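Engineer: Please find one structure pasted underneath; my questions will follow.
The values are calculated or read from the model by the stated rules, or taken from the named source; none is laboratory data. Please read all numbers here as calculations on a predicted model, not as lab measurements. All Cβ positions, even for glycine, are placed from backbone atoms using ideal geometry, and neighbour counts span all protein chains on display.
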Amino acid sequence: MRPGMVVAGLTWRPVEIDLARHEWESAAQAHAERADRLTAGHRQRRLTGTPHAVEDFLFTYYRFSPTALRRWSPGAGVRMRDAAGHEIARQRFMVAAGPDVRVDRTAYLQERGELARFVRELVITTADRPPQWGCFARHEWAMVYRMTPEQVRHQSLPLRLDPRETDAVVEAAPLVCTHFDAYRFFTEPARPLNTRTLTRDAVMRHEQPGCLHAGMDLYTWAMKLAPGIPSELALDCFELAMRLRALDMRASPYDTTSLGYTPIAIETPTGRAEFTALQREYAASAQVLRRRLADACDLVLAEQLDAQRQ
């Protein structure tokens, strides 16, 4: 049984939660302060126009602003008492009933219902698969395969090895990437070296819980489902995405020392062992977030899921 749900006969019913004004105001303030702490470096660099090859990815690729991150919602199934005059009531999909405010499930599902169903299926399917290890983040190496140093994406960072040595890491064993949005950035000569040809239409067939990028993508799904899911969950996904991005780049062919990240030499047995240990740790955290995201989708989709079970 999912948290926030009760069983009545064979059907699941959402439990409406009441938050007093001091409760939701306190939660919203704590959330905004946490978001500000997590994005402080990015916001400061943005003022000076200073790029960051590791952390910028979380804002340029996923395209959610610090302002969006600090915006708070308790998610569906929660009534906020005495919130009608507050800025939270002006968020999209919020509806007032007298002085109280909640997420309007009907309006939300009309626009986001299909996405919520897709995300629910994706995270459950991914969580239920056995994790695959042994990629060693070589997708980053495949993105520079047979390129000259002048052609690579992160010009602010030098490559740790010379081009011939970098290519040899890619060629040492078959690539085993399972994530389309990593695979699509492979160089043309690198794609045939992957054990499978990946397409966007086949994402549901290939996603697996050991993948770093699948873990990072929990952040984008959580943000796209706002405000129907708790903002605390989205921020938890963002924190994990930060750790995964750092691991991804530490194991990449780039020398990240200048940014304060110690490289992981995955071309060596010691480096591969270090990478896999962290990969397993973060994959376990991602599994917890997948279950929480599925629970949140269950709650917002409760009436539709209920109808399907009858």
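Engineer: Could you please find all residues in region 121-170 being within 23 Å of the chain's Cα centre (by Cα) and free of Cβ contacts under 8 Å to residues at least 40 places away in the same chain? Spell out the reasoning first.
Structural biologist: Keep residues of region 121-170 that are within 23 Å of the chain's Cα centre (by Cα), which gives 121-143, 153-154.
Of everything in region 121-170, those that are within 23 Å of the chain's Cα centre (by Cα) and free of Cβ contacts under 8 Å to residues at least 40 places away in the same chain turn out to be ASP128, ARG153.
Engineer: Still on this structure, please answer the following. Within region 194-211, does at least one residue satisfy the condition of being in contact with a strand residue (DSSP E or B) (Cβ under 8 Å, 6 or more places away or on another chain) and farther than 25 Å from ASP56 by Cα?
Structural biologist: yes
Engineer: Would you confirm, using the coordinates I've provided, whether GLY215 is farther than 23 Å from TYR62 by Cβ and surrounded by 16 or more Cβ atoms within 10 Å (Cβ to Cβ)?
Structural biologist: no
Rundown of residues vs (1) surrounded by 13 or more Cβ atoms within 10 Å (Cβ to Cβ); (2) among the β-branched types (Val, Ile, Thr); (3) touching a helix residue (DSSP H, G or I) at 6+ places or on another chain (Cβ under 7 Å), yes/no style:
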| residue | (1), (2), (3) |
| --- | --- |
| ASP36 | yes, no, yes |
| ALA97 | no, no, no |
| ARG105 | yes, no, yes |
| VAL119 | yes, yes, yes |
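Engineer: Also: Residues in region 171-182: is at least one surrounded by fewer than 15 Cβ atoms within 10 Å (Cβ to Cβ), over 24 Å from ASP217 (Cα atoms) and in contact (Cβ under 8 Å) with a residue 60 or more places away in the chain?
Structural biologist: The answer is yes, given that some residue of region 171-182 is surrounded by fewer than 15 Cβ atoms within 10 Å (Cβ to Cβ), over 24 Å from ASP217 (Cα atoms) and in contact (Cβ under 8 Å) with a residue 60 or more places away in the chain.
Engineer: Could you please find all residues in region 126-146 being touching a Lys or Arg at 6+ places or on another chain (Cβ under 9 Å) and either assigned to a loop (DSSP other than H, G, I, E, B) or surrounded by fewer than 22 Cβ atoms within 10 Å (Cβ to Cβ) (or both)?
Structural biologist: ALA127, PRO131, TRP133, GLY134, PHE136, ALA137, MET143, VAL144
Engineer: If you don't mind, there's one more thing I want to ask. Does any residue in region 107-120 that is part of a helix (DSSP H, G or I) come within less than 6 Å, Cβ to Cβ, of a residue that is buried (at least 20 other Cβ atoms within 10 Å of the Cβ) and modelled with pLDDT under 95 six or more places away or on a different chain, and which pairs are these?
Structural biologist: ALA116/VAL300; ALA116/LEU301
Engineer: Something else now. When you scan region 39-60, do you find a residue that is closer than 22 Å to ASP18 by Cβ and hydroxyl-bearing (Ser, Thr, Tyr), even just one?
Structural biologist: no
Engineer: I need a count of the residues in region 95-113 that are acidic (Asp, Glu) and under 19 Å from the mean Cα position of the chain (by Cα).
Structural biologist: 0
Engineer: Given (1) surrounded by 14 or more Cβ atoms within 10 Å (Cβ to Cβ); (2) at pLDDT below 95; (3) not charged (D, E, K, R), where does THR60 come up short, assuming only one miss?
Structural biologist: Status for THR60: all satisfied but (1).
Residue-by-condition table, conditions (1) farther than 21 Å from GLY77 by Cα; (2) surrounded by fewer than 23 Cβ atoms within 10 Å (Cβ to Cβ); (3) among the small types (Gly, Ala, Ser); (4) in contact (Cβ under 8 Å) with a residue 12 or more places away in the chain:
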| site | (1), (2), (3), (4) |
| --- | --- |
| TYR219 | yes, no, no, yes |
| MET223 | no, yes, no, yes |
| SER231 | no, no, yes, yes |
| ARG243 | yes, yes, no, yes |
